[in-house]
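Peer 1: Structure incoming, see below.
The numbers here are math on the coordinates, done by the rules we state, and not lab data. Here the structure is a predicted model, which is why all the values come from computation and not from measurement. No Cβ is skipped: glycine too gets one built from the backbone with ideal geometry, and neighbour counts run over all protein chains shown.
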Amino acid sequence: MTRPHRPRRLRGRGDRGAAEAAISLAATLVLVLIVVQVALWAHAQHRAQAIAQQSLAALRAAEATPATARARAQQIRTDLGGALLHDVDIDLQRGPTRARVVVAASTTALLPGWTPTVRVRLSGPVERAGTP
């Protein structure tokens, strides 16, 4: 006589793997947040670089005044800053031969307790209007 086939009962692991899974999931989530935070910081750095480059171009022009360069820098900041850059500070300095721009800002933070900042410094010669 053959016995009817009974499915085997699998022994449950209970809660032994639950703690390991929770720790692994938390570690994975933190790593993903770090990757996204670095990407946000890099994007903010590129935006600050663009603001600095365009501000320097406006400041270096032969007919530029500090007031016109500041107005252009504020317009660029409004256009490019968006919601990603916070507390944007644009320092413009124009001397007789060199112009200098420093853009400093903080950016969006995903990780608590850390406020990422970006800072870009650019300088270049002042254009001279000459006779041909």
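Peer 1: Using only Cα atoms, find the angle between the long axis of helix 66-81 and the longest principal axis of the chain, and express it within 0 to 90 degrees, rounded to the nearest 10.
Peer 2: Tilt relative to the chain: about 20 degrees.
Peer 1: Report the trypsin sites (Lys or Arg not before Pro) located in segment 45-132 that are in a DSSP loop and have at most 11 other Cβ atoms inside 10 Å of their Cβ, or state none.
Peer 2: Taking segment 45-132 and a limit of 11 other Cβ atoms within 10 Å, the loop trypsin sites (Lys or Arg not before Pro) found are Arg128.
Peer 1: Mind sorting Ser55, Ser106, Ser24 by how few other Cβ atoms lie within 10 Å of their own Cβ, fewest first?
Peer 2: Taking fewest neighbouring Cβ atoms as first place, the list is Ser24, Ser106, Ser55.
Peer 1: Would you mind ranking His86, His5 so that the residue whose beta carbon has the fewest other beta carbons within 10 Å leads the list?
Peer 2: Lowest to highest Cβ neighbour count: His5, His86.
Peer 1: Could you give the size of the charge dipole of segment 87-132 about its Cα centre, using +1 on the Cβ of each K and R and -1 on the Cβ of each D and E, expressed in debye and rounded to the nearest 20?
Peer 2: Using Cβ point charges on Lys, Arg, Asp and Glu, segment 87-132 gives about 260 debye.
Peer 1: Anyone know which of Ala19, Ala67, Ala42 comes out most mobile in the 10 Å Cα GNM of the chain?
Peer 2: The residue that fluctuates most here is Ala19.
Peer 1: Now, a different point. Rounded to the nearest 500 deg cm²/dmol, what is the calculated helix-only ellipticity per residue at 222 nm for the chain, with -39500 (n - 2.57) per DSSP H run of length n ≥ 4?
Peer 2: Calculated at 222 nm, the ellipticity per residue is -16000 deg cm²/dmol.
Peer 1: Still on this structure, please answer the following. With axes computed from alpha carbons, what is the tilt in degrees of helix 18-60 against the longest principal axis of the chain, rounded to the nearest 10 within 0 to 90?
Peer 2: 10 degrees
Peer 1: Just want the answer: with Cβ charges of +1 for Lys and Arg and -1 for Asp and Glu, which residue in Ile51, Val38, Ala61 is farthest toward the dipole's positive end in segment 13-132?
Peer 2: Ala61
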